[in-house]
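The numbers here are math on the coordinates, done by the rules we state, and not lab data. What you see is a predicted model, and the numbers here were worked out from it, not measured in a lab. Positions of Cβ are backbone-derived with ideal geometry, glycine not excepted, and every protein chain shown enters the neighbour counts.
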Amino acid sequence: MTRIIAVCNQKGGVGKTTTTTNTAAYLALMGKKVLLVDFDPQSNASSGLGCDVRNINGRSIYDGLLGNRVALELIHTTPIKNFHFIPAHPNLAGLTVELLDKENREHYLDKFIRPISHLYDYVIIDLPPSMSMLTVNGLVAADEIIIPVQCEYYGLEGLGQILETVDLLNNNLNKNLRVAGALLTMYDTREQLSREVSRELRKHFLGHVYEVEIPRAISLAEAPSFSKPICLYDAESVGAKAYERLARELISQELSVPSYTKNNFI
């Protein structure tokens, strides 16, 4: 059964795209068929995989949602077997306005990717760092979410906002969106703040925090500039090892992903 997972945080700079790209790459290396859907107008996931987003001749998710292309026409390959992606384009920023007067506007992405989702074990959606119609579309299309949480106290506040959004969608759009897990990012073992945030998150979000903590690592920041996921750029780095562990944790969840309720977050 395909797992459709949105990587989401309304706060920018928390490692959302880094998590999307590298987790998808390691899942593919572990034998899973993976489709990354870049649904962020900044298109960082696409460019980080070597796609020139301004010269893709109408082969972006934007063109698909406008009805100009079917999903299969938009799939791009990567050097990793079974790792494909559908790129974003900066024009995607205007889609929020274009959907304003459309019926069932929250379901456009869902209707677009569902016909091809069965071809993959994982569909991972990179969402913009804001709460917009694009983000709502991504959450409606997904069955689960991963929430990257930067190791600072503002990161904990952002998590609360996302959980409120999940409740709203589940209650008002008849969804059953589950939290696959919160992921601690930019963790520094030398900093007391990182340790405190980790401790607080694990205390108050029982059963919904991944064991691995993604470290601050230069190699993770450098890899996109070489159009490579970390596994192809520096496979022996601490950042690479961390995302490999995350992929293994994700796979271990396949038989049971716990549902989120407000009672889980104290």
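For this structure, a couple of remarks:
- For region 3-264, the share of DSSP beta bridges that are antiparallel, to the nearest 5, is 5%.
- The convex hull defined by the C-alpha atoms of region 159-216 has an orientation-averaged projected area of 4.3 nm².
- When you count the other C-beta atoms within 10 angstrom of each residue and take the mean per peptide, 14-22, 58-66, 71-79 line up highest first as 14-22, 58-66, 71-79.
- For region 86-189, applying the loop criterion from DSSP together with a ceiling of 15 other beta carbons within 10 Å to the GluC sites (Glu not before Pro) yields Glu103.
- For the chain: relative contact order, % (alpha-carbon pairs under 8 angstrom, 6 or more apart): 25
- Interchain or long-range residues, amide H under 5 Å from Leu36's placed H: His84, Phe85, Ile86, Ile124
- Amide hydrogen proximity for Thr78: with H placed 1.01 Å from N in the peptide plane, the residues at 5 or more positions away or on another chain lying under 5 Å are Phe83.
- Working from label points 7 Å from Cα in the Cα-to-Cβ sense, the Ser219 to Asn55 distance is 3.1 nm.
- Per-pair calculated FRET efficiency, R0 = 25 Å: Asn68 and Val97 via Cβ, rounded to 0.05: 0.90
- Across region 224-235, rounded Karplus estimates of 3J(HN,Hα) from the backbone phi angles (6.51 cos²θ - 1.76 cosθ + 1.60, θ = phi - 60°) give x, 5, 9, 6, 9, x, 4, 5, 9, 8, 7, 5 Hz, Gly and Pro being marked x.
- Sites Asn176 and Glu254, calculated FRET efficiency, Cβ-Cβ separation with R0 22 Å, nearest 0.05: 0.80
- The length gained on full extension between Lys33 and Thr189, counted as 0.36 nm times the residue separation minus their Cα-Cα distance, comes to 52.8 nm.
- Gln150 long-range amide H proximity, modeled H, under 5 Å: Thr185
- Rounded to whole numbers, the Karplus 3J(HN,Hα) couplings from phi for region 215-223 are x, 5, 8, 4, 4, 5, 6, 6, 3 Hz, using 6.51 cos²θ - 1.76 cosθ + 1.60 with θ = phi - 60°, and x at Gly and Pro.
- Two-decimal log10 I(q)/I(0) for the chain, as the Debye equation yields it once each C-alpha is a single scatterer, q = 0.07, 0.08, 0.09 Å⁻¹: -0.22, -0.28, -0.36
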